[in-house]
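Data block below; observations after.
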Amino acid sequence: MSELLSSKGRRLDGRKLDELRPIKMEVGVIDNATGSSYIEFGRNKIIAAVYGPKDVHPKHMTKTESAIIKCRYHMTPFSTGTRKNPAPSRRETEISKIIREALEPAIVLTDYPRTAIHVYIEVLQSDGGSRCAGVTAASLALADAGINMRDLTAGCAAGKINGKVALDLDEVEDMEGDADLPMAILPNLEKVTLLQLDGNFSRKEFIAAFKLAKEGCMKVYEMQRNALKDKYFGNKEA
Ligand code: ADP
């Protein structure tokens, strides 16, 4: 087992067990999209962009009473240490689906019948936790696009390294650690819309990791609110 914690309980990057990586968010970074955002979550660098609501293609996918969400999570070939095949992998197909499912309950889909809302998540650089950072960025891009929403979706993972529950694992901790629990919540509606588990937890550890991930999501949510305020009510040029 790799040593991921120092004798003083610090992680390889100096963080405490309950500490997030440095996070930056910006809303409205792509002029040509209806809405967009950029997020840095530690070394993850991700752009999200939204088009729509637009006509549905193919037509048979149209829902008469609501919009459909089409979501694509994609890692660029230069996002990882070795060149990633640009073709969508099974992992990216799975993450596209779970991000869509994490976003949908926040969107008032019935306000946009017979339309499609397209959500694109491009991972420019990845370092573990990219699905949580991706869903967070996508929710900001939807808000920036002016899509009617009940809440934002905020994502953050917790996990277990060297037998200890820890917040927001990076890639090394994810690979060498014992467990990873990615999560996304609707903070005001108090709903969990994404929850996955890779690895093993005891019942007690699971409860502790769930609580920690939820606290992380709440911190991420505050940053999302601030990023939206910066664009729409702040000093930055719109
Ligand atoms: P997440 O990014 O949501 O934690 P995973 O746990 O599947 O998703 O992946 C952890 C990390 O492993 C990713 O953030 C990325 O840095 C790395 N990774 C994933 N897929 C590949 C790949 N095909 N090639 C190289 N690195 C990858």
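Given a 10 angstrom Cα cut-off, can you work out which residue in 125, 196, 224 is the most mobile in a GNM of the chain?
Ranking 125, 196, 224 by mean-square fluctuation puts 196 first.
Nothing charged except the Cβ atoms of Lys and Arg (+1) and of Asp and Glu (-1): what's the magnitude of the dipole of region 23-232 about its Cα centre? Round to the nearest 20 debye.
Charge dipole of region 23-232: 440 debye, to the nearest 20.
In straight Cα distance, which lysines are under 18 Å from residue 70, not counting same-chain residues fewer than 8 positions off?
Cross-link targets: 54, 59, 97.
Can you give the convex hull volume of the alpha carbon atoms of region 1-75 per residue, in Å³?
About 177 Å³ per residue, rounded to a whole number.
Please quote Rg/Rh for region 1-136 to two decimal places, taking the Kirkwood radius as Rh and restricting both calculations to Cα atoms.
Reported Rg/Rh (Cα atoms, Kirkwood Rh): 1.06.
GNM, the chain, Cα, under 10 Å: largest mean-square fluctuation among 225, 11, 90?
Among 225, 11, 90, the largest GNM mean-square fluctuation belongs to 90.
Can you bin region 23-232 into rounded, prolate or oblate? Criterion: square roots of the alpha carbon gyration tensor eigenvalues sorted a ≥ b ≥ c, rounded for a/c under 1.5, prolate for a/b above b/c, oblate for the rest.
Here region 23-232 falls in the prolate category.
Filter the cross-link list 16/45; 24/231; 16/231; 191/219; 16/191 down to pairs whose alpha-carbon distance in this structure exceeds 25 Å.
Distance filter (> 25 Å) returns 16/231; 16/191.
Assigning unit charges at the beta carbon (Lys, Arg +1; Asp, Glu -1) and nothing else, what dipole magnitude in debye, to the nearest 20, does region 1-93 show about its Cα centre?
Dipole of region 1-93, to the nearest 20 debye: 340 debye.
Over the chain, calculate the relative contact order: mean separation of alpha carbon pairs under 8 Å at least 6 apart, over the residue count, as a percent.
The value is 21 percent.
Which is farthest toward the positive dipole end of region 23-232 among 68, 155, 86, measuring Cα position about the Cα centre, with Cβ charges +1 (Lys, Arg) and -1 (Asp, Glu)?
68
Picking from 145, 36, 167, whose Cα lies most toward the positive end of the charge dipole for the chain (charges on Cβ: Lys, Arg +1; Asp, Glu -1)?
Sorting the options by dipole projection puts first 145.
Every number in this text was worked out from the coordinates using simple rules, so none of it is lab data. As the structure is a computational prediction, the values presented were derived from the model and not from experiment. No Cβ is skipped: glycine too gets one built from the backbone with ideal geometry, and neighbour counts run over all protein chains shown.
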